[in-house]
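Presented below is the structure to which this report refers.
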Amino acid sequence: MSVELDRSTLLDTTLAHLRALVSYDTRNPPREIGTGGIFDYLREHLPGFEVKVTDHGAGAVTLYAVRGKPNYLFNVHLDTVPDSPHWTQDPHVLKVTEDRAIGLGACDIKGAAAALVAVANATAGDMALLLSTDEEANDPRCIDAFLKEGHAYEAVIVAEPTRGEAVLAHRGIHSVQIRFTGQAGHASGELRPSDSALHQAIRWGGAALDYVDRQSHERFGGLTGLRFNVGRVEGGIKANMIAPTADVRFGFRPLPSMNPDHLLETFRTLVEPQPESYTELFRGVSLPAGDTATAETRRLAARDIADELGIPVGNAVNFWTEAALFSAGGYISFVYGPGDIAQAHTADEWVALDQLQQYAQTIYEIVNRGSA
């Protein structure tokens, strides 16, 4: 059998598994994911593996499957975002055209999961998979639980849409809720800076944007500056009343070389009076994790492994992945998968067939190399 025929057969098998995986509703929210359904399918199609399925609650489920004594762990999340009303087809029915596969999660990132299952059945080599369902929830129960178990792997390869390149570095992500308080009253008089909660929030927002602009010179691995966004502002009653409260939800994405705790404290103390409450809702560390020296050491180690495995190395990216959690847990970790992040979370989401085929072939060669 020729190499080209092998590649074609592997793609056909991958698409068959992707058709099945897309048919299972794993939208997150509403986080209504249990240990049956898609996990029954995976159990059935991972013969020869030791399979453990664990329910961590709130729709967070992991499947950990091991065959032999592999050096690498492949991680993929199976949960998807909700489908938007702009889909032109049933999002849970895979449509395959001449150059793409269209379906909810096909790009982010069930396509990679399907390829891994196809490779698992086309090979006999050592292989380890960790499939999870809470990546879209900003509540990393699955990875946290896995890290506490203390497994030994040379590297963890996390599948996300990277257009078939190894991503060695990306930004962290932090989400914060702050509240300003003032004194309700009539708006006809002269206002002190502390009277209106909304005025405080507006002054804080201006100071925050100015501070972010001053970070534009910072660089790491091709990334520049600090990403920042005010996502929501609520407060006040009406135009002639002083606002007694104002709530602001904001997020920022630091470079791996930036200290997130320093940034959090800086944002908290930008203006007087300072916020009444200031709560970090979610923290996702950068990739690689650690101080600048540690991060650079881990990045170089990941680059060496990607080179050894024949995976082309791409640029650092702005989006966050759970590879950072593995890095913070002490693993060498990088991101590698089929698809383009521009298609993730969109209506009529799709993954290019040539990228899906190349990903499946690369994983096939990695697993076969390990058993040679």
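Couple of notes before you dig in:
- Filter result for residue 192 (in a loop (DSSP other than H, G, I, E, B), among the basic types (Lys, Arg) and outside the structural domain of residue 276 (by TED's automatic domain parsing)): no
- Residue 310 crowded, with 24+ Cβ neighbours inside 10 Å and farther than 22 Å from residue 255 by Cβ: no
- Scanning the stretch 90-118 for residues that are in contact with a helix residue (DSSP H, G or I) (Cβ under 9 Å, 6 or more places away or on another chain) and acidic (Asp, Glu) returns 98, 99, 108.
- From the options 88, 9, 13, residue that is among the hydroxyl-bearing types (Ser, Thr, Tyr) and in a loop (DSSP other than H, G, I, E, B): 88
- Residues of the stretch 156-187 that are assigned to a loop (DSSP other than H, G, I, E, B), crowded, with 24+ Cβ neighbours inside 10 Å and either of a type in the set (D, E, K, R) or in contact with a Ser or Thr (Cβ under 6 Å, 6 or more places away or on another chain) (or both): 160, 171, 182.
- Cross-chain or 6+ apart pairs with Cβ under 9 Å, the stretch 331-342 first and over 18 Å from residue 113 (Cα atoms), then assigned to a strand (DSSP E or B): 331/73; 331/155; 331/156; 332/155; 332/156
- Residue in the stretch 79-86 that is crowded, with 18+ Cβ neighbours inside 10 Å and under 19 Å from residue 119 (Cβ atoms) present: no
- Considering only residues in the stretch 16-47 that are in a helix (DSSP H, G or I) and of a type in the set (A, V, I, L, M), the one that is farthest from residue 357 (Cα to Cα) turns out to be 38.
- Residue within the stretch 326-339 that is modelled with pLDDT of 95 or more and over 26 Å from residue 300 (Cα atoms) present: no
- Of all the residues in the stretch 35-61, those that are free of Cβ contacts under 8 Å to residues at least 40 places away in the same chain and either in contact with a Lys or Arg (Cβ under 9 Å, 6 or more places away or on another chain) or at positive phi (or both) number 4.
- Unique match (being more than 17 Å from residue 193 (Cα to Cα) and either at pLDDT 95 or above or in contact with a Cys (Cβ under 8 Å, 6 or more places away or on another chain) (or both)) among 281, 264: 264
- Any hit, the stretch 45-53, residues being under 21 Å from residue 363 (Cβ atoms), in contact with a helix residue (DSSP H, G or I) (Cβ under 9 Å, 6 or more places away or on another chain), surrounded by 15 or more Cβ atoms within 10 Å (Cβ to Cβ) and of a type in the set (Val, Ile, Thr): yes
- Within the stretch 12-67, the residues that satisfy the criterion of being closer than 19 Å to residue 106 by Cβ and among the basic types (Lys, Arg) are 19, 27.
- If you go through the stretch 169-196 and keep only what is touching a residue at least 60 places away in the same chain (Cβ under 8 Å) and either over 14 Å from the mean Cα position of the chain (by Cα) or closer than 30 Å to residue 241 by Cα (or both), you end up with 175, 176, 177, 178, 179, 180, 181, 182, 183, 184, 193, 194.
- Qualifying residue in the stretch 203-225 (condition: among the hydrophobic types (A, V, I, L, M, F, W, C), touching a strand residue (DSSP E or B) at 6+ places or on another chain (Cβ under 6 Å) and farther than 30 Å from residue 80 by Cα): yes
So that you can scan it fast, the table gives a plain yes or no per residue for (1) under 17 Å from the mean Cα position of the chain (by Cα); (2) surrounded by fewer than 19 Cβ atoms within 10 Å (Cβ to Cβ):
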position	(1), (2)
264	no, yes
268	no, yes
277	no, yes
291	no, yes
294	no, yes
306	no, no
322	yes, no
326	yes, no
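- Among residues of the stretch 11-44, those that are of a type in the set (D, E, K, R), exposed (fewer than 14 other Cβ atoms within 10 Å of the Cβ) and at pLDDT below 95, counted: 1
- Residues of the stretch 91-120 satisfying the condition of being among the small types (Gly, Ala, Ser) and outside any loop (DSSP other than H, G, I, E, B): 101, 106, 111, 112, 113, 114, 115, 118, 120
- Residue 146 vs. criteria in a helix (DSSP H, G or I), crowded, with 20+ Cβ neighbours inside 10 Å and modelled with pLDDT of 95 or more: yes
- Residues located in the stretch 195-244, provided they are crowded, with 18+ Cβ neighbours inside 10 Å, aliphatic (A, V, I, L, M) and more than 17 Å from residue 275 (Cβ to Cβ): 223, 226, 242
The values are calculated or read from the model by the stated rules, or taken from the named source; none is laboratory data. Keep in mind it's a predicted model, so treat the numbers as computed, not measured. Cβ: placed from backbone, ideal geometry, glycine included. Neighbour counts: every protein chain shown.
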